[in-house]
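See below for the structure under consideration.
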Amino acid sequence: MKLLVTGAGGQLGRELVLYAEAQGSDVVGADRSRLDVTDADAVADVVSSLRPDAVVNCAAWTAVDACESDPDRAYRDNGTAVVQLAAACDDIGAHLVQVSTEYVFDGTSSRPYRESDTTDPLSVYGASKRAGEHAALALGDGATVVRTSWLCGEHGSNMVRTVLGLVDRGVPMRFVDDQHGCPTFTADLAPVLHRVAAERTGGIIHTTNTGARSWYQFVREIVAADGGDPDTVSPISTAELEPPRPAQRPANGVLDGARMHELGWPPLRDVPDALADLVPRLRQR
Ligand SMILES: NC(=O)c1ccc[n+]([C@@H]2O[C@H](COP(=O)([O-])OP(=O)(O)OC[C@H]3O[C@@H](n4cnc5c(N)ncnc54)[C@H](OP(=O)(O)O)[C@@H]3O)[C@@H](O)[C@H]2O)c1
């Protein structure tokens, strides 16, 4: 399989390029300096000259709070760019894999979100990512949207890295106990994205590691995986955050993995197993 990975400088893009190379795929990882996905001409040129079997779009403006004050940039990077990628993929018959987020939901559901549930984003980031979903899904069978949540990995900034830094500096840790979701480790997500690209699955798929928890509970697990005392972490509510965050987050961001199950694909590892791998790797860096 010949694969083009956009946003290859980010934490997920880097992991996917390494995984695809290890699988023997012919992979081109394009970071922003090689391909700015908002440049329609550049997108058309790169896709038509490389002629990949699939494009996995890992590029996005992921600064959730900053998106609130610059919606134009958010929609350009996360929405319009996907329109352009979709057109370029359509021209050559490449499958588009668009990575999306639980932030497309409003978080009011009393159960985990299914692929078929109605989206209703609370934030500019979520709305711009939903625009990207729509652009990809307009291709019909030519695209798959993979929604995921709480990404952590070896190659970028994420909650695991942040917590290890706080532990090192002895900073008191207070984390919200009223926002729930599923951590997802890029090392476990990359094989799913690769498979979606190879099999041209189509539709929407929710993929996260196994087990929902609050940020507070997750941070306790990170501290424990680092050999520390989880009781050094205290719970707070979102309302107690000082200063309040500009973007509203879904209280329930838990994604139901029914489609993965229907496809007969194995669930991703339990979070403690993934943390037992990742924390020592980050400590060795
Ligand atoms: N992080 C999470 O918790 C999370 C949760 C759910 C879903 N997702 C989704 O997962 C995907 C990957 O996220 P991530 O965590 O890997 O984010 P990331 O580390 O911020 O990587 C995103 C990459 O996209 C690049 N990028 C932004 N605008 C671009 C443009 N116009 N052209 C080309 N590249 C551009 C960024 O480059 P610069 O650094 O130069 O800006 C960055 O290297 C995104 O679709 C995101 O929405 C993330």
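Some values worked out for this structure:
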| item | result |
| --- | --- |
| Of all residues in the stretch 28-45 being over 20 Å from the mean Cα position of the chain (by Cα) and either closer than 19 Å to residue 14 by Cα or at pLDDT below 95 (or both), the one that is surrounded by the most Cβ atoms within 10 Å (Cβ to Cβ) | 34 |
| Which numbered condition residue 101 misses (of (1) within 15 Å of the ligand (Cβ to nearest atom); (2) closer than 28 Å to residue 272 by Cα; (3) surrounded by fewer than 23 Cβ atoms within 10 Å (Cβ to Cβ)) | (3) |
| Out of 145, 176, sole residue that is over 29 Å from residue 72 (Cβ atoms), of a type in the set (A, V, I, L, M) and in contact (Cβ under 8 Å) with a residue 60 or more places away in the chain | 176 |
| Residues located in the stretch 41-57, provided they are of a type outside the set (Val, Ile, Thr), part of a helix (DSSP H, G or I) and under 16 Å from residue 2 (Cβ atoms) | 48, 49, 50 |
| Selection count where residues are near the ligand (Cβ under 10 Å from one of its atoms) and surrounded by fewer than 16 Cβ atoms within 10 Å (Cβ to Cβ), scope the stretch 48-75 | 1 |
| Condition check for residue 89: within 20 Å of residue 136 (Cα to Cα) and open to solvent by less than 50 Å² (accessible area, probe 1.4 Å) | yes |
| Filtered residue count, the stretch 155-164, keeping only those that are under 24 Å from residue 107 (Cβ atoms), open to solvent by 20 Å² or more (accessible area, probe 1.4 Å) and either under 15 Å from the mean Cα position of the chain (by Cα) or among the small types (Gly, Ala, Ser) (or both) | 2 |
| Residues (part of a helix (DSSP H, G or I) and either open to solvent by 60 Å² or more (accessible area, probe 1.4 Å) or within 13 Å of the ligand (Cβ to nearest atom) (or both)) located in the stretch 6-27 | 11, 12, 13, 14, 15, 16, 17, 18, 19, 21, 22 |
| Cross-chain or 6+ apart pairs with Cβ under 7 Å, the stretch 28-40 first and part of a strand (DSSP E or B), then near the ligand (Cβ under 8 Å from one of its atoms) and open to solvent by less than 70 Å² (accessible area, probe 1.4 Å) | 29/8; 29/13; 30/6; 30/8 |
| Of all residues in the stretch 127-154 being out of contact with any Gly (no Cβ under 7 Å at 6 or more places or on another chain), open to solvent by less than 30 Å² (accessible area, probe 1.4 Å) and more than 20 Å from residue 253 (Cβ to Cβ), the one that is farthest from the ligand (Cβ to nearest atom) | 142 |
| Residue check, residue 66 modelled with pLDDT of 95 or more, in contact with a Phe, Trp or Tyr (Cβ under 9 Å, 6 or more places away or on another chain) and among the aliphatic types (A, V, I, L, M) | yes |
| Meets criteria (within 10 Å of the ligand (Cβ to nearest atom), modelled with pLDDT under 95 and of a type in the set (Ser, Thr, Tyr)) for residue 157 | yes |
| Residue among 131, 74, 60 that alone is within 16 Å of the chain's Cα centre (by Cα) and not in a helix (DSSP H, G or I) | 60 |
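The values are calculated or read from the model by the stated rules, or taken from the named source; none is laboratory data. What you are looking at is a predicted structure, and each value in this text was computed from that prediction instead of being measured. Glycine also receives a Cβ, built like all others from the backbone with ideal geometry; neighbour counts cover every protein chain displayed. What goes into the accessible areas is simple: the full protein's heavy atoms, side chains included, and nothing from ligands, DNA or RNA. Shrake-Rupley method; radii C 1.70, N 1.55, O 1.52, S 1.80 Å.
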